[in-house]
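What follows is one structure encoded as structure tokens, with my remarks underneath.
The values are calculated or read from the model by the stated rules, or taken from the named source; none is laboratory data. The structure displayed is predicted, hence computed values, not measured ones. FYI the Cβ positions are ideal-geometry reconstructions off the backbone, even for glycines, and counts take in every protein chain you see. For accessibility, only protein heavy atoms count, side chains too; no ligands or nucleic acids. Shrake-Rupley method; radii C 1.70, N 1.55, O 1.52, S 1.80 Å.
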Amino acid sequence: MKEKLPKNYVFQKTEDKIYQIWEGSGFFNPDQCVKKGITKNKVPHYSISMPPPNVTGKLHLGHAEVITLEDILIRYHRMKGDKTVWIPGTDHASIATQNKVEKLLKKEGLNRHKIGKKAFLKRVEKFALESHDNIVRQSKKMGASCDWSREAYTLDQIRHRVVNLVFKMMHADGLIYRGERLVNWCPRCASTLADDEVEYKEQKAKLYTFRYAKSFPFAIATTRPETKLGDTAVAVNPKDKRYQKYVGKTFKVNFLGTALNLKVVTDREVNPRFGTGALGVTPSHSHDDWKIAEANKLKIVKVIDEKGNIRTGFGKYSGLNAAKAREEVTKDLKATGLLEKEEILANSLSLCYRCNTPIEVLPSLQWFINVNKKIRRYGRSIKELSTEAVKVGVFGRKKIRIIPKRFEKEYFRWMENLRDWCISRQIWFGHRVPVWCKGKRIYCGVQAPKGTGWKQEEDTLDTWFSSGLWTFSSLVQKPKQIKIQKGRLVIDSQDFKDYHPTSVLETGYDLIFFWVARMILMTTYAVRDIPFWDVYLHGMVRDDKGQKMSKSLGNALDPLTMIEKYGTDAVRLSLVVGSAPGNDQNLSEEKIAGFRRFTNKLWNIARFVITSQKFGLGEDPALKNNLRVYRLRQALGGQASFSLSDLWILHKMKKLVGEITGDLEKYRFSQAGEKLREFTWNDFADWYLEISKIENNSAKIIILDQILRDLLKLWHPFTPFVTEKIWESFRQGKLLMVERWPTGDFYKKLTGASQTDLINFELIKNIIEAIRSVRADYKIEPRRKIRVIIDIKNRPDYAGTATYSLIESQSDLIKNLHTGVKSLAITESGQKIRKAICRATGGVMIQIPLGGLIDRKKEIARCRKEKTTLENQIKNLKKTLRNKNFLQKAPPTVIEKQKSVLIKAQAELKTITKQLTELY
RNA sequence: GGGUGAUUAGCUCAGUUGGUAGAGCGUCUCGUUUACACCGAGAAAGUCGUGGGUUCGAAUCCUACAUCACCCACCA
């Protein structure tokens, strides 16, 4: 039954198999865990709705980050015994997906209009399905322990029903209205965009100063002369004396062939120092001008149509696209002598966030959500509800916690400035607006009304409308489970009852407005509850130079390639360790490679513990297990004897378990990973395992076994594959994934190790390190054994005998832990031995007789440097300890620490001085 | 224009409530120690961006400035 463990961890051969075992076990599903008694069905439960990736292609490192962080939380809570669910899903991402397919069509020389709506949608669905399969495959590669049986899609039947129900409710509450308002329009997508779907790019524009006509008394400045064809007023600052005589007057002018009626109005927002101080008001193509028009009841003249062309009725300019029209208008202004000035101005260009096309602002008949209207049953608007949810808490819930906290401010600011949300899109792919018309009759509902002649709206909904419902829509399994009763949404699914509000929403900070805010908006309104308790925002993954990873730059690391090269566990660690919440991180391939070394190290640590004949392992697993139990009983029965190193490692391990648990509870992933690595590699492998080759006491086997098992558990959320693979060799029938998270109890019960043991062991470590250091300094051949004399006289904080017996008892370690010590003597004379190298550490004097080997100059320089450092340190410490303020105000522990540091430093100084005296 | 973050060893970054600076990678030296060379041992390396302040004590708190990055608003 012996299983050979290869020398190196071969992740390529194990990861997929391990994932299959997990999946096959059914334990991704919390119900199965409860059924098999793995977890108890007691509250609170733990749940995360995975941010659904867009079905636009494949996953990038940002997704890998999401999966890693959430999987860590999920695995931790599952092991803790919480009933834990992680719901996976995908987002149809209407505009993004449609654009992607349009691009594919373009390559084939087609476009969506050519092939028609029906064929196009079929094509999109096929594409979405392929993407979906890819995403699922990749998520599994990443080790995502999500419950695939609960998978959801923002455009499937159930989610469609939820969307329509919420729409219907909002419509009934008067929150959704249809109206002609200014919208952001992407001429390429031929669709509206929400305010935050517009991106801005700095550019240099030309600012033209001109008069509408010779007869017009003053000039105005504009960057978009072509829109001036639709001007209906000129606005000036009310305090601007230059224009006061014109205010209220209306001028009829002929502007390059178009008749304009221009009323001179005032508006406080007009900056008298910009341009000429007079602003041509184009209500149809500027948000500000629209406001001015509303305030002054101005006429609205549309100039640009939805294709980005000048509308009919503007003479020769009609039919031209906006850019061409600008050229023509400018040329004509010049020709007629109306243009007074042309200057360069830095401003920002508005672009579509999906296709980078410059967007137009224009009035259009669209569907909106009123964010300011008070909802009768809440007495507040959705904006107010959402603000309260984070500021003070709503519906008796505590407030939603955003981590890191600084993003709260951004959230509030966004909420404050939020305008009515335009939710209709002229996109084919998505949820159709659930409104049907027949003549003048309008019906809003979940399904088409009965009877003939009803025609559904062609527009689809903003993709964020359905994503905004995600935390609860993903917890519905059957259409029947959700309905409207007495104007309220009723969700009657066990999952919703168990898991909502979800425990944490983990996502990149770039989604705080698009998605996080919208979920709060929609959920507080629709289900009268918050969507999640905590929001954890991670930073962006950039390349090693800090640049954004992108295909066009060719600097994007592909998670799949990285996984093939270094294994999933290494990729996961590299995304988690060394980055702080909300901070961007620069990721290089070298970093990932570094963590592969760690997975291999862990593998070999386990290999050593498991296969070491010395500890009776490598036997029949069943026997081995019995042995373990037997030895454990023996130890607990007081039969085991613990060495200092045992006490030290047990104490450290106990501390570690507590710290890692605390770190995970507080989302301190990076710290947890670093502490684990530090303990595993340095304390456990480099020290304790090495010691175990020397010391031979009955407790060792249990300690090694126990610590390895617990380390595997602690590591499991971070590196699930390698830990599960190692666990497999224990053959206990139970998966590590569902093992119970460790507590410190074992270590406490077993030993009662204390802080003193830690300090004592540190002294031994220091001594060993000092000896090794001397050997390396003097290039003493490895084979050559040396004599070591340790004098303890100058260490006054220790009773001589205690220190003596401490060192004495550890002489085996001092001799054999890669120090090459032949004989060890402990003295209390304080005498310096002639021709011996001398090191001061931990207050003791370590002497190594080297005879003529001593390099006097080198030693003198070294000692002098050390002496100066010590003297300065002592001076400062004394100064501090003499300071009355310090003694009064500093906490006692700090004072004690300073005192002991001083004593040690003084002892070390004595040693150094002695050494120097001899050398001179 | 408003705001946020960053500035710590050659590089990439940690640093919980103020107690006197850490890791990984890289560099240098040595090593075939029976788990691992994807290893081990040792070493070098930092005025914690700059100036001021609070404090017994500041990488950490306050303030001003500089550089970089990002977000929001305006942009006639």
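Descriptive notes on the structure:
- Sites A:Asn682 and A:Lys548, calculated FRET efficiency, Cβ-Cβ separation with R0 35 Å, nearest 0.05: 0.45
- Amide H contacts under 5 Å for A:Leu349: A:Lys201, A:Glu202, A:Gln203, restricted to partners 5 or more places along the chain or on a different chain, H placed in the peptide plane at 1.01 Å from N.
- Region A:276-349: C-alpha gyration tensor shape, a/c 1.5 cut-off, then a/b vs b/c: oblate
- When region A:406-552 is reduced to its Cα atoms, the Kirkwood hydrodynamic radius in Å: 18.0 Å
- Applying the criteria of a DSSP loop state and at most 15 other Cβ atoms within 10 Å to the GluC sites (Glu not before Pro) of region A:1-85 yields A:Glu3.
- Using the Cβ-Cβ distance between A:Lys405 and A:Ser318 with R0 set to 51 Å, the FRET efficiency works out to roughly 0.40.
- The magnitude of the dipole of chain A, with charges of +1 and -1 set on the Cβ of Lys/Arg and Asp/Glu and taken from the Cα centre, is near 960 debye.
- Ordering of A:726-732, A:761-767, A:820-826 by burial proxy (mean other Cβ atoms within 10 Å per residue, highest first): A:761-767, A:726-732, A:820-826
- A:Lys591 accessible area, 1.4 Å probe, all protein chains in place, Å² to nearest 10: 50 Å²
- For region A:804-895, the gyration tensor built on C-alpha atoms gives an oblate shape. Its axis ratio a/c (a ≥ b ≥ c) is at least 1.5, and a/b is not larger than b/c.
- Peptides A:395-405, A:196-206, A:90-100 ordered by average Cβ neighbours within 10 Å, highest first: A:90-100, A:395-405, A:196-206
- Full-extension gain in nm, A:Arg397 to A:Lys486, via 0.36 nm per residue minus C-alpha separation: 29.7 nm
- Region A:476-550: chymotrypsin sites (Phe, Trp or Tyr not before Pro) falling in loop per DSSP and having at most 12 other Cβ within 10 Å: none
- D (Stokes-Einstein, µm²/s), Kirkwood Cα radius, region A:240-301, 0.890 mPa s at 25 °C: 197 µm²/s
- The accessible surface of chain A, taken with every protein chain in place and a 1.4 Å probe, is 50 percent carbon and sulfur.
- Long-range amide H partners of A:Gln456 with built H, under 5 Å: A:Cys437
- Relative contact order %, chain A, counting alpha carbon pairs below 8 Å whose residues are six or more apart: 12 percent
- Taking 0.36 nm per residue of sequence separation and removing the Cα-Cα distance, the A:Glu665/A:Ala890 pair yields an extension gain of 77.9 nm.
- Nonlocal amide H pairs with A:Tyr536, under 5 Å, H built at 1.01 Å: A:Ile403, A:Leu505, A:Glu506, A:Thr507
- With a Förster radius of 30 Å applied to the beta-carbon distance between A:Val901 and A:Ile860, the computed FRET efficiency rounds to 0.70.
- Between A:Ile115 and A:Arg273, the simple label model (points 7 Å from Cα in the Cβ direction) yields a spacing of 5.6 nm.
- Solvent-accessible area per residue for chain A (1.4 angstrom probe, square angstrom): 45 Å²
- Accessible surface ranking that places the most exposed of A:Thr276, A:Thr801 first, with a 1.4 angstrom probe: A:Thr801, A:Thr276
- The angle between the Cα long axis of helix A:11-25 and the longest principal axis of the Cα atoms of chain A comes to about 70 degrees, rounded to the nearest 10.
- Whichever lysines have a C-alpha closer than 17 Å to that of A:Lys204, once near sequence neighbours (fewer than 8 apart) are set aside: A:Lys341
- Rough spin-label spacing in nm, given labels placed 7 Å along Cα→Cβ, for A:Lys779 and A:Arg377: 8.5 nm
- Degrees between helix A:589-611 axis and first principal axis of chain A (Cα, 0 to 90, nearest 10): 40 degrees
- Compactness relative to 2.2 N^0.38 Å, alpha carbon Rg of region A:92-161: 1.31
- Dipole of region A:14-53, positive direction: furthest Cα of A:Phe28, A:Thr14, A:Pro44, with charges on the beta-carbon: A:Pro44
- Extension gain, A:Gln20 back to A:Lys693 (0.36 nm per residue minus Cα-Cα distance, nm): 238.5 nm
- For region A:38-187, the equivalent ellipsoid derived from the alpha-carbon gyration tensor has semi-axes of 34, 23, 13 Å in decreasing order.
- Overall, the anisotropy analysis places region A:12-116 in the prolate class: the square-rooted eigenvalues a ≥ b ≥ c of its C-alpha gyration tensor yield a/c not less than 1.5, with a/b exceeding b/c.
- In degrees, nearest ten, helix A:157-172 long axis to first principal axis of chain A (Cα): 60 degrees
- Between A:Thr880 and A:Thr756, the simple label model (points 7 Å from Cα in the Cβ direction) yields a spacing of 2.6 nm.
- In range of the label at A:Lys36: residues from region A:66-98 whose backbone nitrogen is under 20 Å from the point 7 Å along Cα→Cβ: A:71-88
- Flagged links, alpha-carbon separation over 24 Å, of A:Lys42/A:Lys655; A:Lys399/A:Lys497; A:Lys214/A:Lys316; A:Lys106/A:Lys126; A:Lys601/A:Lys652; A:Lys114/A:Lys307: A:Lys42/A:Lys655
- Peptide packing: for A:702-713, A:304-315, the average count of neighbouring Cβ atoms within 10 Å per residue gives the ranking A:702-713, A:304-315, highest mean first.
- Out of every Cα-Cα pair that chain A contains, those further apart than 53 angstrom amount to 36 percent.
- The rule of thumb for compact globular proteins, 2.2 N^0.38 Å, goes into the C-alpha radius of gyration of region A:20-73 1.42 times.
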